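The structure under discussion appears below in the form of structure tokens.
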Amino acid sequence: MCDFPLVAWLDGELEGGEAEEIRAHIEGCAKCREQVRRIRSVSATITEYSAERARLRRSRTMWWIAGTAAAAVIVAALLWTPRAPKTVPVAAVRPAAVVEKPRAAVITPAPVRKVRLHATRPVQQPAGVRVVVSLESLLPVGAAPPGAVLVGELILDAAGQPAAIRLE
Amino acid sequence: MAIESSAIAIVQTGNTDAGPLFDQWRQPLIRYLAASGLRRDEALDIVQDVFLRLHQHLLSNGDRENLRAWIFQVAHNLAVNRRTGGAQRLSEPIESAAQEASPLDDPETLFFKKDRMRRLHTAIWELSAIQRECVLLRSEGLRYREIAAVLGIGTTTVSDQLERALRKLGEKCNV
């Protein structure tokens, strides 16, 4: 098997005498000509590969952003359960002749607090809650940066139903 | 692929503005860093860092003789630090051919493109680290003496490693 530095020759890295010797050899050697053809072909493929990797990583980043935003909306919708105000009948102490309707005590929702959610455990949340979703629990292994979270706020309509989630 | 030398000319006349150099070499650096296993956001971080350091280098009258090699050497070293500091990401497959398909590509052409990229990706990551670095730096147009400077090896070693690597890749990719 011929043992010439064909890559260096192709790249113009050889001095005049050596380069000329290889050029003359290639003219008469089909195997070396074929090897030169392969080197050129794989070099072109490597250039294409590098460009693809640079583009791929950009498109995957955009997919990741869109995908996690959509996932957060779905998770928030599944985990949020509307909680009607609790009412507790209160018996009023009145003279027997007067009967009043029991007065209902309304339990106001708990103050807004930050809650860390786990995708596999449904947790009831009070209205107006801020949600923090760990991306590692939503995406395939290695797809999310370690410790990355999505923080958002559930926006309720006038009826107390979830209307939207606003990601921060 | 050759990198234009007009930006080098700007630097060598005493202009310390690294801006034109950034415009010329930003994309080749991103390609090199992405192909060597970094995510795009990491590659962009490193590119910014490289050009900030270049700016400092020029302001302090650093050596301007081979700025291309200097730039890639800084990028290479930062990438090595980043990789050794975090998880290895060697095995991420390449599946982009369909996303980047030309509207003129028929399904058979697409299949072969995707298959060729996948085989090349596997073959590149089966090379030794030195061989892979030589191949990727050569792909960005660096001369052997520049590759040698980036990697801290001799030009004869660069030549030997490239011969072996490209022959292996040619066989494995069946080109």
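Under the condition of being among the acidic types (Asp, Glu) and open to solvent by 60 Å² or more (accessible area, probe 1.4 Å), which residue from the range A:13-47 is nearest to B:Asn174 (Cα to Cα)?
Applying the filter and picking the extreme gives A:Glu34.
Within the range B:83-93, is even one residue surrounded by fewer than 19 Cβ atoms within 10 Å (Cβ to Cβ), over 21 Å from B:Trp70 (Cβ atoms) and at pLDDT 85 or above? Step through it out loud before you land on a result.
Within the range B:83-93, the first condition is being surrounded by fewer than 19 Cβ atoms within 10 Å (Cβ to Cβ), and the residues that meet it are B:83-93.
Imposing the further condition that a residue be over 21 Å from B:Trp70 (Cβ atoms) reduces the set to B:84-93.
If we keep only those that are at pLDDT 85 or above as well, we get none.
No, the range B:83-93 has no match at all.
Quick test of your reading of the structure: B:Ala165 fulfils all but one of (1) surrounded by fewer than 22 Cβ atoms within 10 Å (Cβ to Cβ); (2) more than 15 Å from the chain's Cα centre (by Cα); (3) more than 7 Å from every other protein chain (Cβ to nearest Cβ). Name the failing condition by number.
Evaluating B:Ala165 over (1) surrounded by fewer than 22 Cβ atoms within 10 Å (Cβ to Cβ); (2) more than 15 Å from the chain's Cα centre (by Cα); (3) more than 7 Å from every other protein chain (Cβ to nearest Cβ) leaves (1) as the failure.
Please go through (1) surrounded by 15 or more Cβ atoms within 10 Å (Cβ to Cβ); (2) assigned to a helix (DSSP H, G or I); (3) among the polar types (S, T, N, Q); (4) modelled with pLDDT under 95 for B:Ser96 and return the number of the only condition it doesn't satisfy.
(2)
If we keep just the residues of the range B:32-61 that are within 11 Å of chain A (Cβ to nearest Cβ) and among the small types (Gly, Ala, Ser), which is farthest from A:Arg53 (Cα to Cα)?
Filtering the range B:32-61 for residues that are within 11 Å of chain A (Cβ to nearest Cβ) and among the small types (Gly, Ala, Ser), the one farthest from A:Arg53 (Cα to Cα) comes out as B:Ala43.
Only one of (1) in contact with an Asp or Glu (Cβ under 8 Å, 6 or more places away or on another chain); (2) among the hydrophobic types (A, V, I, L, M, F, W, C); (3) at pLDDT below 95 is not met by B:Leu151, so which one is it?
Every listed condition holds for B:Leu151 apart from (3).
Taking the range B:128-141 as the region of interest, how many residues are more than 11 Å from chain A (Cβ to nearest Cβ) and in contact (Cβ under 8 Å) with a residue 40 or more places away in the chain? Even if it seems obvious, please write down each step before you answer.
Within the range B:128-141, the subset more than 11 Å from chain A (Cβ to nearest Cβ) is B:128-131, B:133.
Applying the additional criterion that residues be in contact (Cβ under 8 Å) with a residue 40 or more places away in the chain yields B:133.
Residues that pass the stated criteria total 1.
Tally up the residues in the range B:117-158 that are in a loop (DSSP other than H, G, I, E, B), open to solvent by 40 Å² or more (accessible area, probe 1.4 Å) and among the hydrophobic types (A, V, I, L, M, F, W, C), please. Even if it seems obvious, please write down each step before you answer.
Residues of the range B:117-158 that are in a loop (DSSP other than H, G, I, E, B), as a first pass: B:127-128, B:140-143, B:152-154.
With the extra rule that they be open to solvent by 40 Å² or more (accessible area, probe 1.4 Å), the set shrinks to B:128, B:143, B:152-153.
Those still in the list that are among the hydrophobic types (A, V, I, L, M, F, W, C) too: B:153.
Count: 1.
Would you point out the residue of the range B:101-116, among those that are at pLDDT below 80, of a type in the set (D, E, K, R) and loosely packed, with under 15 Cβ neighbours inside 10 Å, that is farthest from B:Leu151 (Cα to Cα)?
B:Asp106
When the range B:25-72 is examined, which residues are found to be modelled with pLDDT under 90, basic (Lys, Arg) and assigned to a helix (DSSP H, G or I)?
If the condition is that a residue be modelled with pLDDT under 90, basic (Lys, Arg) and assigned to a helix (DSSP H, G or I), then B:Arg40 is the only one that fits.
Got a sec? Which of B:Ala9, B:Ala2 is among the hydrophobic types (A, V, I, L, M, F, W, C), assigned to a helix (DSSP H, G or I), modelled with pLDDT under 85 and open to solvent by 20 Å² or more (accessible area, probe 1.4 Å)? Lay out the reasoning, then the answer.
Values: B:Ala2 fails: assigned to a helix (DSSP H, G or I).
The unique qualifying residue is B:Ala9.
Can you name every residue in the range A:152-168 that is free of Cβ contacts under 8 Å to residues at least 24 places away in the same chain and of a type outside the set (Gly, Ala, Ser)? Talk me through it step by step, then tell me what you get.
Initially, the range A:152-168 is screened for residues free of Cβ contacts under 8 Å to residues at least 24 places away in the same chain, giving A:155, A:157-159, A:163-164, A:166, A:168.
Result: A:Ile155, A:Asp157, A:Arg166, A:Glu168.
The values are calculated or read from the model by the stated rules, or taken from the named source; none is laboratory data. Since this is a predicted model, take the numbers as computed values, not measurements. When we count neighbours, we look across all protein chains shown, and the Cβ atoms used for this are built from the backbone with ideal geometry, even at glycine. To get the accessible areas, we keep the full protein, side chains included, count just its heavy atoms, and leave off ligands, DNA and RNA. Shrake-Rupley method; radii C 1.70, N 1.55, O 1.52, S 1.80 Å.
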